[in-house]
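Coordinate-derived values only; no laboratory data. Note that this is a predicted model, so its numbers are computed, not measured. Neighbour counts are summed over all protein chains in view; Cβ atoms, including those assigned to glycine, are modelled from backbone coordinates with ideal geometry.
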Amino acid sequence: MMKLSKLFVVFLLISSLPFVLAQEENTQHNLVLSLKDATNTAVDNVLMQVTIANKDSGDKRTISTFLRKNSFNLKLASGNYDITLLVDNLQTKGKDYYALYSVGLQKNTQEEVTLLPVGSIQGVVLDNLDNLVRQASLKVECDKEYGEITSLMTDKFGSFKGLYLPVGECKVIATFRSAVGSEIVTIEQGKSRDVAIKLNKSAIGSGGNSWVSIFLIIVVLSVLSLLIRFVLKKRHAMESELKEALTKSTPLKAEKVKEAPKEEGLSKRQEDILNTLNEREKEVVDHLLANKFESSQAKIRHTTGIPKTSLVRIFQLLERKKVLQIKKFGKLKKVKLTAWFLGDE
């Protein structure tokens, strides 16, 4: 009977263990933090933002408060926490203090936290024409590694802010597409520095995207070159076919010659001169008579269908016979009947 009683007690103890552990986990502990700066001076009358991150559960919450004295109290369950403190003295233009405090909390705890000095920057990003650049990416590199050194981006007005940066020298690098610019800034505690970053350099080759862009440009230029060569080749073939068709097209020739009023209105002298000419020479003269006594070489060749080489010889013969004269205007040849043929001399 005694053995059964002992076993029953052990069973009750084991059964109640999870409940006891759960009670311990849910127990709220007081965490009292006292704030001082690097000179061991108490920090009070400041606006403070506290971010509490539970490293066990991943939960995070943020509270803001105005701290009139240099200590404050947090009620937290048992666990491991990272606590970030962002402190702003409202009498200064920039931000003033930063601290990251880690604690494994199992009981009521009181600690002193040393706040590190920080300052702020605000500025704009400009292109090489001094236009404000939206959505430019910024990276801050500082000598000291504390504070909120995060990636930034310009807003729709081309401006940006970096609030809790460590004191000392910081390099601010801005990029937009392939353009890059940077400025070195000295951060001072509680002060806000104005910065203007001009994108005046190129970042070609800094990433895979630039190589892709170069490849695409080469492909586009190659395609355009092939298209231009194809079009020029096609045009040359069409011109050759048209030239051959004009040379061999006797119906066109007969139709065009028919348009010329061959014998109408000619003087006896002009008729006698025409009778001394061969058939092709007459075609050229008839064309000029039908076009107010002048025309171009190209138009005569198109109308009569006489090949270019033969037409040049005909011009030379008619020039010797004082029937026509040729004037050159650049590549254009202007052909007209002479005053001697027209009887004006």
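Could you derive backbone 3J(HN,Hα) for the stretch 294-309 from the dihedral phi with the Karplus parameters 6.51, -1.76 and 1.60 (θ = phi - 60°), listing whole Hz in sequence and x where the residue is Gly or Pro?
Those phi angles translate into 8, 6, 9, 4, 5, 5, 5, 5, 5, 6, 8, x, 7, x, 4, 5 Hz.
Per q in 0.10, 0.21 1/Å, what log10 I(q)/I(0) does a Debye calculation on the alpha-carbon atoms of the stretch 118-202 return?
Reported log10 I(q)/I(0), two decimals: -0.21, -0.88.
With label points built 7 Å along Cα→Cβ from the Cα atoms of Asn45 and Leu100, find their separation and express it in nm.
3.2 nm
Residue by residue, what Karplus-based ³J(HN,Hα) values in Hz, rounded to whole numbers, does the stretch 63-78 have, using 6.51, -1.76 and 1.60 with θ = phi - 60° and x for Gly and Pro?
Couplings: 10, 10, 7, 9, 9, 7, 10, 8, 9, 8, 10, 10, 9, 9, 6, 4 Hz.
Taking 0.36 nm per residue of separation and subtracting the Cα-Cα distance, what length does fully extending Glu271 through Val231 add?
9.5 nm is the gain from fully extending Glu271 to Val231.
Under a 5 Å amide H to amide H cut-off, with H placed in plane at 1.01 Å, what residues pair with Leu324 once short-range neighbours are removed?
Answer set, sorted by chain and number: Glu319, Thr338.
Asn131 to Glu145: extension gain in nm, 0.36 nm per residue of separation minus the Cα-Cα distance?
Here the segment from Asn131 to Glu145 would lengthen by 1.8 nm.
Using a Förster distance of 22 Å, how high is the FRET efficiency between Asp155 and Arg68, based on the Cβ-Cβ distance and rounded to 0.05?
It comes out at approximately 0.05.
Could you tell me what percent of the DSSP beta bridges with both partners in the stretch 24-114 are antiparallel, to the nearest 5?
Close to 85 percent.
Note down the net charge around Gly190, summing +1 for each Lys or Arg and -1 for each Asp or Glu among other residues with Cβ under 10 Å from its Cβ.
Net charge in that neighbourhood comes out at 0.
Quick one: putting +1 on the C-beta of Lys and Arg, -1 on the C-beta of Asp and Glu, what dipole do you get for the stretch 118-202 around its Cα centre, in Debye to the nearest 20?
260 debye
For a Förster distance of 25 Å, can you work out the FRET efficiency between the beta-carbons of Ala77 and Thr114, rounded to the nearest 0.05?
Efficiency for this residue pair is about 0.45.
If you stretched the chain out fully between Ala53 and Leu317, how much longer would it get, using 0.36 nm times the residue separation minus the C-alpha to C-alpha distance?
So the extension gain works out to 84.5 nm.
Return the FRET efficiency for the residue pair Glu239, Glu294: r is the Cβ-Cβ distance, R0 is 22 Å, and the value is rounded to the nearest 0.05.
Plugging the Cβ-Cβ distance into 1/(1 + (r/R0)^6) gives 0.30.
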